[in-house]
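The values are calculated or read from the model by the stated rules, or taken from the named source; none is laboratory data. All figures in this text were calculated on a predicted structure; none of them were measured in a lab. Here the Cβ is made from the backbone with ideal geometry for all residues, glycine too, and neighbour counts use every protein chain on show.
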Amino acid sequence: MQVRKAVIPVAGWGTRSLPATKNIPKEMLPIFRKPIVQYIVEEAIGAGLSDVVFVTNQNKKIIEDHFDRNFLLEQVLERGSKTELLKEVREVAEMVDIISVRQKRQLGLGHAVLCAKEVCKNEPFAVMLGDDLMFGKNSGISELLEAAETEGKAAVGVIEVPEDRVHRYGIISGEEFAPGVYHVDKLVEKPKKEDAPSNLAITGRYVLLPQIFDILETQEAGVGGEIQLTDALQGLADQGKLIAVKMQGQRFDAGDWVEYLTANIYFALHDEELHDDLVKRIQEILPCKD
Ligand code: G1P
């Protein structure tokens, strides 16, 4: 099984990040020096995926523009001999060719994935959600691709979460057949803690088989009145075609302010030039009670 396409749904409202996202797509909020979506695209490319499919809407054009040339800006940088910046700006435009499909109604994540049907056709494909940022060597979608390709099955990335957070996620249960790898038997989207089948939460990384489109086509709305990808995945699990893989890398939920800010600091701390000044300034503003 060879996976080439990464489907990245970017049509959501970003309500958790309002008012910052009133007119800016949440995927364009910066984490240190790059917009969130660039990290996701770089993760996809790093994992060997060659095609990026954005499921987008009419308010999200600037996401596609970010991966295109900006000749005026390039001219300005060229004239100012800002060679390094010019190189970086061009690299973003050249890193990938984007295919866009429109999600004309916001009916949920399952519906967003269904919008990519005509582009993915009969191929297995990856789905990567912009809210989940994953870092660390070989972390993120590459961990799933390896397991999915070995098993010839669909795969979801999972992490352990505390009991009081299960209601924020899709939760799976299954049998662990290799360290950190499970045959999934049950999935529940955003369960109450008493209904959660485990504490293994789906992170925003999936490798899916094209059969998922047939299931999604008739999938009824679930939690929140939305067509849930998690509910459709139960169809693959019932056929014994879904595994879950415990993700190893560092993860940040970009839709949560504490996590978003921590991700910014994490990256800035990895920048040699900034590190010492940043640590000094943080120490100066702590403790900050007012
Ligand atoms: C989506 C999925 C959920 C998953 C989560 C991970 O939910 O539906 O199963 O656990 O992403 O971030 P959302 O956060 O879009 O409500």
Regarding the range 170-180, can at least one residue be identified that is without any contact (Cβ under 8 Å) to a residue 24 or more places away in the chain, more than 14 Å from the ligand (Cβ to nearest atom), small (Gly, Ala, Ser) and surrounded by fewer than 23 Cβ atoms within 10 Å (Cβ to Cβ)? yes
Selection from the range 213-238 of residues farther than 26 Å from Lys192 by Cα and not aromatic (Phe, Trp, Tyr) yields Asp214, Glu217
The conditions are (1) within 18 Å of His66 (Cα to Cα); (2) part of a loop (DSSP other than H, G, I, E, B), and Trp13 fails exactly one of them. Which is it? (1)
Okay, strands (runs of 3 or more DSSP E) sitting entirely in the range 42-158 with 2 or more residues that are in contact with a Leu (Cβ under 9 Å, 6 or more places away or on another chain) and crowded, with 19+ Cβ neighbours inside 10 Å, I get 125-128
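Scan the range 108-139 residue by residue and report those that are under 21 Å from Ser17 (Cβ atoms) and small (Gly, Ala, Ser). Let's see the steps before the verdict.
Looking only at the range 108-139, we keep the residues that are under 21 Å from Ser17 (Cβ atoms), and these are 108-109, 112, 127-135.
Passing the criteria: Gly108, Ala112, Gly130.
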Determine whether the range 127-146 contains at least one residue that is of a type in the set (Asp, Glu) and at pLDDT 95 or above. no
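For the subset of the range 236-249 comprising residues that are within 15 Å of the ligand (Cβ to nearest atom) and surrounded by fewer than 20 Cβ atoms within 10 Å (Cβ to Cβ), which member is farthest from the chain's Cα centre (by Cα)? Break it down stepwise before answering.
First, the residues of the range 236-249 that are within 15 Å of the ligand (Cβ to nearest atom): 236-237, 242, 244-247, 249.
Subsequent filtering for residues that are surrounded by fewer than 20 Cβ atoms within 10 Å (Cβ to Cβ) retains 246, 249.
Numbers: Lys246: 16, Gly249: 14 Å.
Only one residue tops the list, namely Lys246.
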Can you pull out every residue in the range 124-144 that is under 20 Å from Ala232 (Cα atoms) and away from the ligand (no atom under 14 Å from the Cβ)? Pro124, Phe125, Ala126
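Using the structure shown, decide if Ala268 is in contact with a strand residue (DSSP E or B) (Cβ under 9 Å, 6 or more places away or on another chain) and among the aliphatic types (A, V, I, L, M).
On the way: in contact with a strand residue (DSSP E or B) (Cβ under 9 Å, 6 or more places away or on another chain): no; among the aliphatic types (A, V, I, L, M): yes.
Criteria not met by Ala268.
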Quick check: is even one residue across the range 216-231 within 28 Å of Phe32 (Cβ to Cβ), buried (at least 16 other Cβ atoms within 10 Å of the Cβ) and within 16 Å of the ligand (Cβ to nearest atom)? no
